[in-house]
Amino acid sequence: MAFSFSPPSLTGLAPTLPRRARPSRLRLVCSASTAVSFDYKTYMAEKAAAVNKALDESVPVLFPELIHEAMRYSLLAGGKRVRPVLCLAACELVGGSPVSAMPSACAVEMIHTMSLIHDDLPCMDNDDLRRGVPTNHRVYGESIAVLAGDALLALAFERVAAATPSDLVPAARILRAVAELASRVGSRGLVAGQVADMAATGAAEPVGLDRLEYIHLNKTAALLEAAVVMGAVVGGGSDEQIERLGRYARCVGLLFQVVDDVLDVTKSSEELGKTAGKDLATDKTTYPKLIGLERSREFAAQLNREAKEQLAGFDPEKAAPLLFLADYIAFRQN
Ligand code: GRG
């Protein structure tokens, strides 16, 4: 990926919103010193409900029922729906209709879910719990879990190509959206991050900050970037807008992972809906391990600020969902 992130300066930035005191309506301050009010609870609830409905409709239980049930089991098991909401928000920010972006939003959630199913397999992380329920292979067996992941991956691309409304989105933009997704999922994106992560775990030489950043920019940020970029592409954004939004997403993606690392050592399995303390148990390199808990939190605050800076050129009212989503990811508790 072309993105190069400057090493964390870790200058002691503190999060601006104390966890317990957060109201449902946020007063967001963007870097242009403009303040807007935004009801994030209603926004998230409405967008997540629309995504859940579209996902449900995308995977009917056809013959052979077993594979479709296995796909639906993980896809509809909950999840915060951060990636699809980012996709819809980016589309609307550049003036597009959410209808245009819904197939892309579903596609990123399908690929996210398939990556979780495969990640949980005995040959990878060997996990028993995901989204608060037993993992796919624990319910359906390994073979079906592999195939459910494969089928979700294929369906994701089918949805973007075949279900994006061609009366709203020109074919060239649909094609670009497919390419933007593919390039961030394969061996130059998600798969690259997973392979580098596996190589790093238990390696004789401990990985440094540069390699950790490479892992997370690919394993986690790449799909968030795909979500935002696809939303902006199908929404009709300019190349400059798409570029800025891509930078926003990379900051938010790295932020997402720093927060994930912190939650792994500060929360219980019940609170997370997945096995807590796994990173320590498997001797994984994480931000808390490399730079400590406090500096990890400071780095997260810095990434949050840098993400928001990318939105400075947009109308603050319209950018409110993406400004909020950066905070949502920074302050999430699971
Ligand atoms: C993509 C072809 C292909 C294969 C998958 C296994 C694998 C390759 C990649 C692993 C990717 C992985 C598990 C990344 C972790 C990303 C992450 C931080 C997950 C947690 O996301 P949340 O918190 O989860 O958004 P919910 O459940 O809320 O959706």
Inspect the range 213-223 for any residue being among the charged types (D, E, K, R) and more than 27 Å from Ala171 (Cα to Cα) and give the result as yes or no. yes
Kindly state which helices (runs of 4 or more DSSP H) lie completely within the range 98-210 and contain at least 2 residues that are modelled with pLDDT under 95, within 12 Å of the ligand (Cβ to nearest atom) and of a type outside the set (Gly, Ala, Ser). 190-200
Subset of the range 243-270 (residues that are within 11 Å of the ligand (Cβ to nearest atom) and in contact with a Ser or Thr (Cβ under 6 Å, 6 or more places away or on another chain)): Gly253, Phe256, Gln257, Val258, Asp261
How many residues are of a type in the set (S, T, N, Q) and closer than 13 Å to Ala232 by Cβ when one looks only at the range 173-187? 0
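The values are calculated or read from the model by the stated rules, or taken from the named source; none is laboratory data. All values derive from a computational prediction rather than experimental measurement. In this analysis, Cβ positions are derived from the backbone assuming ideal geometry, glycine residues included, and neighbour counts consider all displayed protein chains.
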